[in-house]
Amino acid sequence: MNKSIIHKLLLKFLAVTIAIVIIASCNKNLPEAVPIEAPGTGGSTQTIAEFFATDTNYSFYNAALAKAASFGLAVSFNNKDARYTVFAPDNNAFRRSGISSEAVVTGGFRAGQLDSLLRYSIIPGEVYKSSDITTAFPNIQLASNLTVAAIPGTILPLNLSLYPSKSATGFYLNNIPVVAADNILANGVVHTPLIIAAPPTKYLWNRINTDTELTYYKAAVLRADTDPSAPGALQAGLLNIGANLTVFAPVDAALRPVLFGALYQGILPQVIQQLIAGGATPEQAAAAAPPIAAAKASTLSSTPDGFNQLPVQTVKGIVVYHILGVKAYTNNFPTDTISYPTLLNGGLPQHPGVKLKATFAGPFATNAIVKGYGNATASNIMINTTPFTPEPFGTSDQNYLNGVLHKIDQVLLPQ
């Protein structure tokens with residue numbers, strides 16, 4: 001990273017950390033989707049509750065509603081004055097999710113667990129048909145019916161967010177394809193996802209902190225945070241339930257050689273000066289220094305602690321360049337390359353950001369790339385071996401309380 005960029009980062013990184021705090025405070029609907037205030041006149045006269053009670057394809061879902069009845073959702077679904085958008089798994093979706101029968105639904109889960117599971121896939125107060133969801137990048141953010149905590153720094157309730165999206169490859173809830181849409185009822189609309197959308201329970205930092213393939217990225221975050229408890233610290237953002245981030249996390253095999261190169265560039269002039277101080281001519285020192293510097297850099301970069309030898313602001317610039325201030329699943333990626341800002345743009349607004357693109361087979365991305373401004377080639381997102389592979393084995397579309405994580409095979413270079 002050249003001196004002018006480092007200088008700008010030193011002067012302006014405060015703006016980046018403030019940007020994290022601002023982003024982390026956001027838990028509101030985005031403006032792209034325009035909800036319908038009431039279902040269309042062609043809809044059924046059935047309420048949502050009546051629909052689930054009578055359609056045998058949703059008997060598992062209805063069993064869950066019945067067991068969780070004390071929490072009031074079934075009564076709400078029967079209110080014709082209410083409005084809901086419900087992403088309701090049918091029996092096949094339950095089975096695809098590993099729940100084989102109604103007996104497993106009622107016997108394997110507590111009432112409170114089922115209530116939370118159901119509420120996470122509900123948008124209360126509005127009716128969103130598939131035609132109301134745009135194809136814009138990134139996904140729109142809508143509040144679910146699952147309240148989990150207060151917004152940090154306030155007493156206001158925070159509901160987990162949902163991310164419906166639409167593209168040429170389909171209609172999605174988060175990264176889950178919707179297999180049947182727009183069942184209009186008297187008090188809302190029901191869409192059917194391929195599998196159950198389970199609410200996330202962990203934070204981005206929980207994954208970064210424990211993943212054995214991300215030890216170098218973890219070390220970079222730790223180096224970047226001189227005070228992890230300070231407002232706007234990276235760890236604080238990665239542990240903030242109000243944040244909505246996308247982390248492109250380079251695996252160790254990708255980040256280690258970059259660390260080596262950065263250390264080598266810093267060590268080489270030091271070695272030259274030491275050799276000259278020891279009596280060598282500048283020409284002799286320049287010839288003898290590279291293998292000495294390479295050996296030292298190799299030793300230091302053999303462990304993640306090598307990041308402690310680099311300037312804090314340099315490491316911060318690299319780390320935040322791998323984070324978007326929005327939640328983006330691979331299914332929401334464009335099929336034509338677009339540029340999108342990263343958190344680095346909080347300190348360098350004129351920076352072109354990163355380039356994103358995906359290719360699809362059916363509803364799933366088979367290849368997705370992210371390219372840094374300084375990279376000759378794009379980095380590949382390491383697509384899950386099978387769709388919906390969860391942690392700790394999943395490598396793409398890993399869903400967390402405050403964002404989504406994708407592992408990548410190349411470090412993104414901002415310049």
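Some notes on this structure:
- Max mean-square fluctuation residue, GNM over the chain, Cα-Cα springs under 10 Å, options Ala198, Ala289, Ala243: Ala289
- This model, with +1 at the C-beta of Lys and Arg and -1 at the C-beta of Asp and Glu, gives the chain a dipole about its Cα centre of some 640 debye.
- Average projection area in nm² (convex hull over Cα atoms of the chain, one quarter of hull surface): 22.1 nm²
- Helical content of the chain, expressed as a calculated mean residue ellipticity at 222 nm, amounts to -10500 deg cm²/dmol (DSSP H runs of 4 or more residues, -39,500 (n - 2.57) each, divided by residue number, nearest 500).
- Projecting the Cα atoms of Thr201, Ala280, Asn308 onto the charge dipole of the chain (Cβ charges, centred on the Cα centre) puts Ala280 farthest toward the positive pole.
- Among Thr201, Thr226, Thr147: highest mean-square fluctuation, GNM of the chain, C-alpha pairs under 10 Å: Thr201
- q = 0.17, 0.20 Å⁻¹, the range 332-377: log10 I(q)/I(0) [Debye, one scatterer per Cα]: -0.53, -0.67
- Cα-Cα P(r), the range 62-140, percent of pairs per 10 Å interval: 16, 43, 29, 12, 0
- Each Lys or Arg adds one and each Asp or Glu subtracts one; over the other residues with Cβ under 10 Å from the Cβ of Ser59, this totals -3.
- The 1.4 Å probe gives accessible areas that order Asp81, Asp182, Asp225, largest first, as Asp81, Asp182, Asp225.
- Contact order relative to length of the range 143-294, as percent, for alpha carbon pairs under 8 angstrom and 6 or more apart: 13 percent
- Normalised by 2.2 N^0.38 Å, where N counts its residues, the alpha-carbon radius of gyration of the range 157-230 equals 1.66.
- For the range 333-415, taking Cα atoms only, Rg and Dmax work out to 13.5, 39 Å respectively.
- Scanning the chain for long hydrophobic helices, with DSSP H runs required to stretch 27 angstrom or more by C-alpha along their axis and to average at least 0.0 on the Kyte-Doolittle scale, returns 3-24, 252-277.
- Solvent-accessible heavy-atom area per residue, rounded to whole Å², over the chain at 1.4 Å: 42 Å²
- Across the range 314-415, Cα pairs under 8 Å and at least six residues apart give a relative contact order of 24 percent.
- Carbon/sulfur fraction of accessible area - the chain, other protein chains in place, 1.4 Å, %: 58 percent
- Cross-link table Lys80/Lys166; Lys355/Lys407; Lys327/Lys355; Lys202/Lys357; Lys129/Lys357, entries beyond 20 Å C-alpha to C-alpha: Lys80/Lys166; Lys202/Lys357; Lys129/Lys357
- Dipole-positive endmost among Ile318, Thr246, Val127 within the chain (Cβ charges, Cα centre): Ile318
- Of Ile369, Ile318, Ile267, the one that fluctuates the most in a GNM where the chain has Cα springs shorter than 10 Å: Ile267
- Here is the P(r) of the range 314-353: all C-alpha pair distances, binned every 10 Å from 0, give 28, 49, 21, 1 in whole percents.
- For the range 113-260, projected area of the alpha-carbon convex hull averaged over all directions, nm²: 11.7 nm²
- Based on the reciprocal of the average 1/r between different C-alpha atoms, the Kirkwood radius for the range 243-401 equals 18.2 Å.
The values are calculated or read from the model by the stated rules, or taken from the named source; none is laboratory data. Keep in mind that what you see is a predicted model, and the values were worked out from it rather than measured. Don't worry about glycine lacking a Cβ; one is built from the backbone with ideal geometry, like all the others, and counts go over all protein chains shown. Quick note on the areas: whole protein, heavy atoms, side chains included, nothing else; ligands and nucleic acids left out. Shrake-Rupley method; radii C 1.70, N 1.55, O 1.52, S 1.80 Å.
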